[in-house]
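Everything below concerns the one structure shown next.
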Amino acid sequence: AALMKEARRSAVAEPQNASARGRLGMVLFAHQRESDAAVCFEQAAELNPRDARWPYLHGLILVASDRTRAMELLRRAIQIQPDIGAAHARLGELLLEDGQTIAAEAELQRALRQVPDDIRSLTALIRIALMQGNASQAKQRADEAIRLAPDLRVSHELLGAALQQLGKPDQAIQELKIAADLPEHSPEWHDAVAAEVMMLRRDTEWKFQNAQELFAAGDYSRGIRLLQDALTQDQSDPRIPCALGRALLEAGDAPAAMHVLQDAVQSHPDSAEVHFQMGVTQLLMKNLPAAQISLKTAIQFKPDYAMAWYNLGFVHEQQDQTDAALEAYGKSVSIRPSLIPGHLRAAQILIHRKNTDDAGLHIDAILRENPQNADALRLQALIRPQEGE
């Protein structure tokens, strides 16, 4: 609210100032008031026709409602500032969706010249090559896309399509198998102008949700910054420090995660999720006694917390407390029967104790969920001779 008031005050105080008017448009756009933002961008462009940002952002607003006008505005932005790679990329995608493949290819190639590692433009060019029957070029570009972003699902799917066109079905199947194991998300835009707009969103819920999208795309640096900003702004939501702690752990910074969660425990002493995340962090830092206390505290506040029971079982197992581990694993799968890791670890303890009957029950539960589970099939093969099969 303060940011909006400040932007409005500046625009009113300096009605002939294009930057002030455009800034107001950016704030409005960031808070999803697209119609009002479009008016501001149009006014800013009239006040300063040499600033490419205003027709560019106006064009982004109109992409969903008036594609023809959006393309005109993107072209105007390019005329003013030809080196805006994102404008070429967005125009190229619109042209491709409009069936204008030759014009689309030209714009996307211009985008790549401006930003050579622009995966989004590269994958669009792969699609064009496949549409044109140029499988060799599609494969070459797909190989480059995978080199730049090996965990991007669409690149492997497109490589599979290129290999299929090249008459290599076995290799195509292999790429599609790789793709199936990767999360599904669209390549990010390399767009500094739009990113500046989005960073003007100040509500913590947006920051929280956007951080999750960034993590799904593998962008931990930006996602962590968003959550740190959200936590500075609002300490009342326990989801924020929990998500930040998880992200810092996955980014390899366990001490920073611990610091965040220690503060969270003080702020949210009755949050099961905070104590659980603290326990997981302590477990990864090899502080097993502390992890055990944190996980038991999480269970105290949420007795049906299956993952807390499972992790508690693992902590007990690491301390050779197999009776307690087996009890905790059993509790985890009684709450969530589909929890394969809980069944698996319980089965391993039971097999070590030569209790193949109960181990077999856990193995059967795994195979009902996933008949091809390699670990369960291996354990099943181990106990069959003991069961006389």
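FYI, it's all coordinate maths here, none of it is from the lab. Because the structure is a prediction, the values reported are computed rather than measured. No Cβ is skipped: glycine too gets one built from the backbone with ideal geometry, and neighbour counts run over all protein chains shown.
Observations on the structure shown:
- Two-decimal Rg to Rh for segment 204-302 - Kirkwood Rh, Cα set: 0.97
- Whether the chain is rounded, prolate or oblate, judged on the alpha carbon gyration tensor where a/c under 1.5 counts as rounded: oblate
- For segment 187-237, trypsin sites (Lys or Arg not before Pro) meeting the loop criterion (DSSP other than H, G, I, E, B) and having at most 10 other Cβ atoms within 10 Å: none.
- The Stokes-Einstein estimate for segment 248-295, based on a Kirkwood radius over Cα pairs and taken at 20 °C with 1.002 mPa s viscosity, is a diffusion coefficient of 206 µm²/s.
- Rounded Å value of the spacing that divides the Cα centres of segment 143-215 and segment 266-318: 33
- Here the spin labels are modelled as points 7 Å beyond Cα on the Cα-Cβ line, and at Arg9 and Ser221 they lie 3.5 nm apart.
- Classification of segment 1-151 by its C-alpha gyration tensor yields a prolate form. The axis ratio a/c (a ≥ b ≥ c) is 1.5 or more, and a/b outweighs b/c.
- Note on Ser236/Glu42: beta-carbon distance plugged into 1/(1 + (r/R0)^6) with R0 of 45 Å gives a FRET efficiency of 0.70.
- Shape category assigned to segment 304-389 from the gyration tensor of Cα positions, a/c cut at 1.5: oblate
- Computed from the C-beta positions of Gln140 and Asp98, the FRET efficiency with R₀ = 30 Å rounds to 0.70.
- The aspartates and glutamates within cross-link reach of Lys207, meaning a Cα-to-Cα straight distance under 13 Å and a gap of 8 or more places when in the same chain, are Asp229, Asp234, Asp237.
- Segment 172-254 - Rg (one decimal) and Dmax (whole number), Cα, Å: 14.9, 49
- Estimated FRET transfer efficiency when R0 is 25 angstrom, pair Asp270-Ala2 (beta carbons, to 0.05): 0.20
- Straight Cα distances below 25 angstrom link Lys177 to the lysines Lys139, Lys168, with same-chain residues fewer than 8 positions distant left out.
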